[in-house]
Protein chains: 2
Amino acid sequence: MTLERAESRRVITGFSNPTVKALRALREKKHRKASGKFLAEGLRLLTDARECGHVPEVLVLSTSRDPHPLLAELEKSVEAAGGEVIETSPDILSKITGKDNAQAVAGVFAEFDTSLDALDRNVADIWLVAQALRDPGNLGTMLRTGDAIGAGGLILIDDCADPFSVEAVRASMGAVFTQKIAQARWEEFESWLRSGDGQLVAASLRDAQPYRGAPYAAPCFVMVGNESRGLPEDYEMACDLRVTMPMKGRADSLNAAVAAAVLGYEVLASLEG
Amino acid sequence: MTLERAESRRVITGFSNPTVKALRALREKKHRKASGKFLAEGLRLLTDARECGHVPEVLVLSTSRDPHPLLAELEKSVEAAGGEVIETSPDILSKITGKDNAQAVAGVFAEFDTSLDALDRNVADIWLVAQALRDPGNLGTMLRTGDAIGAGGLILIDDCADPFSVEAVRASMGAVFTQKIAQARWEEFESWLRSGDGQLVAASLRDAQPYRGAPYAAPCFVMVGNESRGLPEDYEMACDLRVTMPMKGRADSLNAAVAAAVLGYEVLASLEG
């Protein structure tokens, strides 16, 4: 039975195969947007995805994979959902994901709804907000941190990196599937935020109070700005609370994903305390 | 006077110029180790370096740079120290640093002493320790965080990424020049640590207490492990204190640089509190 299924499967051996090209193209934003699909790799990440209800439309297996019960589960889910399972060489899988030492498995997923309307702010006490964040690694790291602090999701303001890029998905360590993701212009976000409960907080040097012991309130929206420029002044001034972290050295700022995490954990402790 | 100086300067116009090749080669670890030099870029970063007593041996200026008083200061320092100032096109500068939209200036610096003996543990209450950290961006981010929390420096245990790689230097935002850096095998580090005062702390799931309110003590050495594997069990068990951060979601760990920052800020607050 297993053998039969394996034999009926498509095995791709050529680098120039059109499916390989189509999968590789998902590393580029324009192809992701055109198709509404994105790539994720790794057994653990794909298992997280499955357990959160995201089954890949296409599952790509390395011919050199070791058997694993979770992999078998994954194949079963994909087949049950009418998806396709493909086998290919480790080299071709590396070429698809753009990573040396490719993982044994990758999947193609449908992108999610990323409108603010898809968010229910009351499901979580904390939300992370990124403004014009350009580094997909930072964005993925924020998703991962959001998962850890029990945030509801990540709201991307203005022109951020693509949360569905391979780098962001990889850095999120699966949190791209557990965290809600919304994208909006600042004006849209502000009007959505003010249409309900919500405290907007940012790390700032302007009229700010120490981040420890500040009066955080749920649902708390923790916002960080662009890696080089930080937040625009009017965005900071629109915050309900501006807080400052100690800066003991020469630097006057932290890495954006680090700032979100330090502040996020403080908010968590404060709301739980 | 300024014109005369500019005219006497070497201007490089060809991509295949041997100096360009030598500078580009510094992006590779083996060439950095062979020459004992590394590259840093950007006016702000080079100014931080100068103010911390690190003057580049070679200063490379883009011909399309705008004049800036800090740039003039930098040129003066390099010339006073007997270094060389070179001008080249933005394209060639991009090729040297491997970054699109190159900054207007880059410098070649001598690598520092990175032995444990070069550290005086009593100059700071906090030290960061990274074990087998493979991502140069994480390593640079830890240096940046170290600067922010007033750490003395970063100790690299076992096989870490190179702190003098272009990516690490860039992510450090200048902290590579303000933080001490040491590299050692675990056994060396452990014996050095135990030869004086020092509390070794790690985020861990083994026999750990909540990270908030844990009894931190200076000098506190905050250690994080490899991105995929975490810390080896015996390293964790050698710690004086194992602490745990809340993990509310599916993930059971944070990004290494994020974990160091959340824990580092907690230690700072505790020691200052």
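The values are calculated or read from the model by the stated rules, or taken from the named source; none is laboratory data. Everything quoted here is computed from the prediction, not taken from an experiment. Ideal geometry is used to build each Cβ from the backbone, glycine not excepted, and the neighbour counts take in all protein chains shown. These accessible areas exclude ligands, DNA and RNA; they are computed on the full protein's heavy atoms, side chains included. Shrake-Rupley method; radii C 1.70, N 1.55, O 1.52, S 1.80 Å.
Among beta bridges identified by DSSP and lying wholly in the protein assembly as shown, the antiparallel ones come to about 25 percent. When B:Pro67 is represented by a point 7 angstrom out along its Cα-to-C-beta vector, the spacings to that point in the other copies are 7.6 nm, nearest first. For the residue pairs A:Lys21/A:Lys76; B:Lys30/B:Lys99; A:Lys33/A:Lys95; A:Lys29/B:Lys99, the alpha carbons lie more than 23 Å apart in A:Lys21/A:Lys76. Each other residue within a Cβ distance under 10 Å of A:Leu193 adds +1 if Lys or Arg and -1 if Asp or Glu, for a net charge of -2. Here segment B:32-82 yields Rg over Rh of 0.97, to two decimals, using C-alpha coordinates and the Kirkwood radius.
Residue-normalised convex hull volume from the C-alpha trace of segment B:2-110: 100 Å³ per residue. Note on the protein assembly as shown: dipole from Cβ charges, positive end direction compared against A:Val85, B:Leu74, A:Cys52; the farthest Cα belongs to A:Val85.
Across the identical copies, the label point of B:Met247 (7 Å from Cα in the Cβ direction) is separated from its matches by 3.3 nm, in order from shortest. The mean accessible area for residues of the protein assembly as shown, using a 1.4 Å probe and ignoring ligands and nucleic acids, is 42 Å² per residue. Of all DSSP beta bridges in chain A, what percent run antiparallel (nearest 5)? Counting only bridges with both partners in chain A, antiparallel ones make up about 25 percent. The mean count of C-beta atoms from other chains within 10 Å of the C-beta of residues in A:16-27, rounded to a whole number, is 0.
Given +1 at the Cβ of Lys and Arg, -1 at the Cβ of Asp and Glu and no other charges, the dipole of the protein assembly as shown around its Cα centre is 1180 debye to the nearest 20. Evaluated on chain B, the Kirkwood hydrodynamic radius is 19.8 Å, with distances taken between all distinct Cα atoms. Size descriptors for segment A:87-144 (Cα atoms only): Rg and Dmax, in that order, 16.5, 46 Å. Highest mean first, the peptides B:204-213, A:256-265, A:97-106 sorted by other C-beta atoms within 10 Å per residue fall in the order A:256-265, A:97-106, B:204-213.
3J(HN,Hα) along segment A:213-230: x, 5, x, 6, 9, 8, x, 9, 9, 8, 10, 10, x, 3, 4, 9, 9, x Hz, from the Karplus curve 6.51 cos²θ - 1.76 cosθ + 1.60 with θ = phi - 60°, whole Hz, x for Gly and Pro. Rg/Rh for segment B:57-100 stands at 0.99; both radii use Cα atoms, and Rh follows the Kirkwood definition. Hydrodynamic estimate: the Kirkwood radius of segment A:116-272 over Cα pairs, inserted into Stokes-Einstein at 25 °C and 0.890 mPa s, corresponds to D of 162 µm²/s.
For a straight C-alpha distance cut-off of 28 angstrom, the lysines reachable from A:Lys248 (same-chain residues fewer than eight places away being disregarded) are B:Lys180.
Taking the DSSP bridge list for segment B:116-272 and keeping only pairs wholly inside it, about 5 percent are antiparallel.
Dipole magnitude for chain A: about 740 debye, using +1 per Lys or Arg Cβ and -1 per Asp or Glu Cβ, origin at the Cα centre. What's the total accessible area buried between chains A and B, using a 1.4 Å probe, rounded to the nearest 100 Å²? Adding both sides of the contact gives about 2900 Å². Calculate the mean, over all residues of peptide A:265-271, of how many other protein chain Cβ atoms lie within 10 angstrom of the residue's Cβ. What the average comes to for A:265-271 is 4. Here the Karplus relation 6.51 cos²θ - 1.76 cosθ + 1.60, evaluated at θ = phi - 60°, turns the backbone of segment B:32-48 into coupling constants of 5, 5, 5, 9, x, 10, 8, 9, 9, 9, x, 5, 5, 5, 5, 6, 4 Hz, with x for every Gly and Pro.
Converting the Cα gyration tensor eigenvalues of the protein assembly as shown into ellipsoid dimensions via √(5λ) gives semi-axes, longest first, of 38, 30, 26 Å.
What part of the accessible area of segment B:2-110, given as a whole %, is carbon or sulfur when the probe is 1.4 angstrom? It is 51 percent, rounded to a whole number. Averaging the Cα positions of each part gives two centres, and for segment A:242-272 and segment A:153-200 these lie 19 Å apart. Charge dipole of segment B:116-272 (Cα centre as origin; +1 on each Lys and Arg Cβ, -1 on each Asp and Glu Cβ, all else neutral): 500 debye, rounded to the nearest 20. Legend: mean number of C-beta atoms from other chains within 10 angstrom of residue C-beta atoms, peptide A:172-182, equals 2.
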